[in-house]
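Here the structure comes first, spelled out in structure tokens, and everything after it is commentary.
The values are calculated or read from the model by the stated rules, or taken from the named source; none is laboratory data. Because the structure is predicted, anything quoted here is derived from the model rather than measured. Cβ sites come from the backbone with ideal geometry, for glycine too, and all protein chains shown count toward neighbours.
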Amino acid sequence: MSDETSRASQPSNRASQSSGRALAGAVRYLLKNMGTSTLWYLVIFTGVLVALQPLVTLLSKPDAESTQIALAIVAVNSNNIFLLVMGIVYPLMLELYMMFGVTRRQFARALLVAGAALSVALAVVSGVVAWATASLDALALAGVLASNLLCFLLGWLAVSGFQLRRVLAAAGGILAAIVMASLASMPFASKMPSEILQHADWLPNWLRFVQEPAASLVCMLVMAALLALVLPLLMRQAKLKC
Amino acid sequence: MQPPAPSPHGDPDPTGAMAPPESAPPAIELIDVTLRYPRQKKPALDGVSVSIPQNALCGLLGRNAAGKTSLMALLAAFRRPTAGSVRLWGQDPFESPQAMSEVAFVYQWREEGFASYCKPRELFAMAAHMRPRWDNAFATRLAERFDVPMRKSTSRLSKGQQAAVRCILGLAARAPLTIFDEAYLGMDAVYRKVFVDELLQDYLKYPRTILFSTHYISEMERLFTEALMLDEGRVLLHDDCDVLRAKGMALQDLFISLTLKEGESYE
Amino acid sequence: MSVDPHTGQFGDDTQVRAELDNDRPLFLQVKEAIEEEILAGSLGPDDQIPSNSQLVSLYGINPVTVHKGVTMLLDEGIVYKRRGLGMFVSRNAPARIRVRYQEAFKNDYVEPLTQRAEMLGVTPDELHALVDESILAHQPPQASSGIADSAAVKDHTRRKD
């Protein structure tokens, strides 16, 4: 921008460039931000695991293999919980991002992209942990990925009611999240973790709630898809406190 | 219709070029806008119709709860009107990516909000990512001028420094529509003068439409080309400032005489 | 405005008046401020008047207001524009301004003076005496001082006119 001519008449694609920049910028910044949080989490988590491992080995059955499986399960669950927390915290930053010219829809999209990226990243981490302890199962990994993503979205669902500023919606949001979480593990709720540990032939399927991995995977993916459609719409109704 | 981009001038007399072409749509247009908050009988804005041309520096005056912040929130697409329509450069801004990226809304964020936990450095980084015309060099220079520590989280800054951060975010964004909602609240008199100075100089170099709400009327009234007065959600007055002054009254006195309610006294 | 480092007192060495009233149109005041400077001689013919940015900075007022005032000066021929450089005082500006202000002198200064005198009970004769006294006080001392002194004084008087 160097002369007066660009001031008088605006080329029509300039504004879409700038709005596109807002979205891309939001995604990049979100990823950076979430990435930093994730790194901290991984560092602390690994540190805690490494510190606790000898203790766990001491207290539980002196079966190295089952300890490793238990650790793998802990890793996966911990990742799920981490993503759940991220899903709870980040959508609440809507107003902050809107201050920088990002629309609700753009922010929702950015969250979906960042959440998906994070799910993949942590699934990879889980895969690495699993590789170290048991044989890799593509389906199991897909299940891990799906459960990661679903946890993120469930956290988001839980807070979206609060963003609507209606008590009923808030309660409904949390309820819906709990219901969906149960549904995700329902086909396999009867299986207790201890049983998984005891049955060595289920080694490839070391996810706690996966017995028939295909069904669970489909169930989780359907729910995730549903949420990915609904949550941006809910965000559009979010009330701001400016 | 797209808003014009603020661009630098080499012309020693750029002010003449500030007036928008005749056919340009008004930067701000409210058509019979009503805004009602839930569970409140009285509407925050009641049948407001306003038209503000491009590149105007308009002062928004009103007593507390007159509807100033509500109006600004509507323009920034933070809220939707209950009735009537809002138009920026002829478009509805709500959920419009083009409109929102061209509007900078500067207001006092909540203490419990996420903005308080960010450091100025982070806020500037966010702006650099998301604001298309963000000038980081300008922002850094302003941060030095206002003595803002960049690495302390904003909740731990003094009120004046927080205000400075807000104002810098507004100024350096160079958005074609910049809205200041008492952005300088908390700044001492010297910093207020610095802010006004920087605002005017940047406005001169990069003309844009500015809406500026204030309670310090006599201090700020010289900034404005036009003044918009709101009272209890309605437009009391909207006119060119010098036209108002030609009647022999300062803007502050005019404002007080118009908005003083029966039973209140002004010593 | 500057502060004397020894006495701590203010000195007024600004070129243009830095105070504006809020109850009169600002663009007129900008115009008048520049005219006063031309009248006082601090801005002579073909001198450049302060640029718009400088005026904005000095007064802290809107650029459009400044532009309005300067445009009025341009329209009245008090200043002329040199493209790319700025606004300059016209040759005949001091004379024309003097004429216009002289016409306004009666209304702006004489009328209030006589009214005030009447209100205070100053008789016409007393008023005349006061005016004469004032004129005398402002006149340069005539004969006694040397040539150099009187030249310097005359210079000073011319600038004050």
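Assorted remarks:
- Identity of the residue in region B:88-121, among the hydroxyl-bearing types (Ser, Thr, Tyr) and either at the interface with chain A (Cβ under 9 Å from one of its Cβ atoms) or under 20 Å from the mean Cα position of the chain (by Cα) (or both), that ends up farthest from B:ASN136 (Cα to Cα): B:SER96
- Flag for B:PRO120 being in contact with a helix residue (DSSP H, G or I) (Cβ under 7 Å, 6 or more places away or on another chain) and of a type outside the set (D, E, K, R): yes
- Taking region B:37-70 as the range and being in a helix (DSSP H, G or I) and in contact with a Leu (Cβ under 6 Å, 6 or more places away or on another chain) as the test, the residues that pass are B:LYS68, B:SER70.
- Among the residues listed as B:SER85, B:SER70, the single one being touching a strand residue (DSSP E or B) at 6+ places or on another chain (Cβ under 6 Å) and surrounded by fewer than 18 Cβ atoms within 10 Å (Cβ to Cβ): B:SER85
- Pairs with Cβ under 8 Å, 6+ apart, first in region B:222-235 and without any contact (Cβ under 8 Å) to a residue 12 or more places away in the chain, second of a type outside the set (Asp, Glu): B:ARG222/C:LEU20; B:ARG222/C:ASN22; B:ARG222/C:LEU26; B:ARG222/C:TYR59; B:ARG222/C:GLY60; B:ARG222/C:ILE61; B:ARG222/C:ASN62; B:ARG222/C:THR65
- Flag for B:ALA139 being assigned to a helix (DSSP H, G or I), in contact with a strand residue (DSSP E or B) (Cβ under 6 Å, 6 or more places away or on another chain) and modelled with pLDDT of 90 or more: no
- Restricting attention to region C:69-118, the residues being within 14 Å of chain B (Cβ to nearest Cβ), out of contact with any Lys or Arg (no Cβ under 8 Å at 6 or more places or on another chain) and surrounded by fewer than 20 Cβ atoms within 10 Å (Cβ to Cβ) number 9.
- The condition of being assigned by TED's automatic domain parsing to the domain that holds C:GLU37 and modelled with pLDDT of 90 or more holds for only one of C:VAL131, C:VAL70, that being C:VAL70.
- Residue match in region B:124-140 (condition: on the phi < 0 side of the Ramachandran plot, touching a residue at least 40 places away in the same chain (Cβ under 8 Å) and acidic (Asp, Glu)): no
- Residue in region B:221-243 that is farther than 19 Å from B:LEU200 by Cα and at the interface with another protein chain (Cβ under 9 Å from one of its Cβ atoms) present: yes
- Out of B:ARG79, B:ARG110, B:ARG145, one residue alone is surrounded by fewer than 20 Cβ atoms within 10 Å (Cβ to Cβ) and either touching a residue at least 60 places away in the same chain (Cβ under 8 Å) or farther than 26 Å from A:ASN33 by Cβ (or both). It is B:ARG145.
- Scanning region A:19-36 for residues that are farther than 19 Å from B:TRP134 by Cα, of a type outside the set (A, V, I, L, M, F, W, C) and surrounded by 16 or more Cβ atoms within 10 Å (Cβ to Cβ) yields a total of 1.
- Subset of region B:242-261 (residues that are buried (at least 16 other Cβ atoms within 10 Å of the Cβ) and of a type in the set (Lys, Arg)): B:ARG245
- Test result for B:ARG80, in contact with a Phe, Trp or Tyr (Cβ under 6 Å, 6 or more places away or on another chain), more than 23 Å from B:LEU142 (Cα to Cα) and modelled with pLDDT under 95: yes
- Residue selected from region B:180-197 under the condition aromatic (Phe, Trp, Tyr) and closer than 19 Å to B:LEU71 by Cα, by the criterion farthest from the chain's Cα centre (by Cα): B:TYR184
- Here B:ALA163 qualifies as within 15 Å of the chain's Cα centre (by Cα), in a helix (DSSP H, G or I), among the small types (Gly, Ala, Ser) and over 25 Å from A:ARG28 (Cβ atoms).
- Some residue of region C:119-126 being touching a helix residue (DSSP H, G or I) at 6+ places or on another chain (Cβ under 6 Å) and farther than 29 Å from C:ASN52 by Cβ: no
- Members of region C:43-68 that are in a loop (DSSP other than H, G, I, E, B) and either more than 10 Å from chain B (Cβ to nearest Cβ) or over 20 Å from the mean Cα position of the chain (by Cα) (or both): C:LEU43, C:GLY44, C:PRO45, C:ASP46, C:ASP47, C:ILE49, C:PRO50, C:GLY60, C:ILE61, C:ASN62
- Put simply, of A:GLN17, A:GLN10 the only residue that is outside any helix (DSSP H, G or I), modelled with pLDDT under 75, closer than 20 Å to B:VAL103 by Cβ and facing chain B (nearest Cβ under 8 Å) is A:GLN10.
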